[in-house]
1. Sort region A:9-78 into rounded, prolate or oblate with this rule: let a ≥ b ≥ c be the square roots of the eigenvalues of the Cα gyration tensor; rounded if a/c is under 1.5, and if a/c is not under 1.5, prolate when a/b is larger than b/c, oblate otherwise.
2. Highest mean first, what order results for B:37-48, A:18-29 on Cβ atoms within 10 Å?
3. Using the number of other C-beta atoms within 10 angstrom as an exposure proxy, rank B:135, B:249 with the fewest first.
4. Per residue of B:61-73, how many C-beta atoms from partner chains lie within 10 Å of its own C-beta, taken as a mean?
5. What does the highest-first list of B:28-34, B:7-13, A:45-51 look like by mean Cβ count within 10 Å?
6. Taking a virtual spin label 7 Å from the Cα of residue B:54 along the C-beta vector, which residues in region A:102-146 bring their backbone nitrogen under 17 Å of it?
7. For a quick protection proxy, order the peptides B:59-67, B:164-172, A:64-72 by their average other-Cβ count within 10 Å, most packed first.
8. From other protein chains only, count the Cβ atoms within 10 Å of every residue's Cβ in B:168-175, then give the mean.
């Protein structure tokens, strides 16, 4: 009989691989690296996932692992980013309802990957709608107050980029 | 708290995530309930967030990604019924007898025969000669500096095999060049790697079918010292990976 806490690998893949891929894409900015990150994440799970006793923790564990893989593999070898200091967020510029509805998948992702990585990462997790602030903080290993300030700053940046997008020219 | 301060706090808050986050956010939420202008503004923010999330959900992973993930997963047998059978009292006695006999055979084998760690290179002597010559020449057709993608694209254009999975310990190394070699009828892909200490490694990748016992499947590795080079080998997706260096074998030992 199957243990109710036992995690079925394929069920886990089905539940999370799409969202992990979106997260990986927003971090790396390309499909190839995003796919590699997702595969590497599940490979790590296959090796170490048995240590996760609580299946409800598996989702956060997967996103944390993907983010760590990204930091190890890509940031070091490709680009060194200067971390901006935490800046008190300005109020985001308003985008009216029609403009909000004009956002399409491509423009959404283009805008997202244009944002500084510091703000892009929590913002992606926020828009994936799978996590609350506490969980985003756990995944990125930052305090909840930092999550909130980065989200606010990220959203301001996002709206500024979208306002200059030809598809959402108000 | 002013209206503008409330807006800054709430601009990236969904109703679910905002609840009980902090006293300030709760105060801002209370203001929303009493201030029609603030409520209208927040509703517009929620509409924007919903629209953005919806579009992100439309961005789909490649069609073959799921299959690749599942295919690469090697499920371990975990049948509780098998375990309960194995650990029944009768089975334990049989198992103990078998284990004693097996240990005896292993002991005699170790005493009689010199232990020898096989590697992929034992099955590929021509390959070893080729890579040793390449390292000794030190004049490989090294590509100019470029990004990781450039190096991999270069190998792909030459129809040379690309690396599958890297060891975690070498993932962060700088890729400083790429080349390809020809051995018999096949091509060998070569990536030039450099660690933080400036130590140079070459990762040779060859499409060759070798047994698991001679080149273990990723993430297992096999380590071997040759006269002029040390090599660390593993196999993934039918490709043999050979991380070679003129550094001492201890350097590779740390990367296993």
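1. In terms of gyration-tensor shape, prolate.
2. Numbers: B:37-48: 16.2, A:18-29: 23.1.
In descending order of packing, they fall as A:18-29, B:37-48.
3. B:249, B:135
4. If you average over the peptide's residues, the count of other-chain Cβ atoms is 6.
5. B:7-13, B:28-34, A:45-51
6. Inside the label zone: A:102-109, A:127-129.
7. A:64-72, B:164-172, B:59-67
8. For this peptide, the per-residue mean of nearby foreign Cβ atoms is 3.
FYI, it's all coordinate maths here, none of it is from the lab. All values derive from a computational prediction rather than experimental measurement. When we count neighbours, we look across all protein chains shown, and the Cβ atoms used for this are built from the backbone with ideal geometry, even at glycine.
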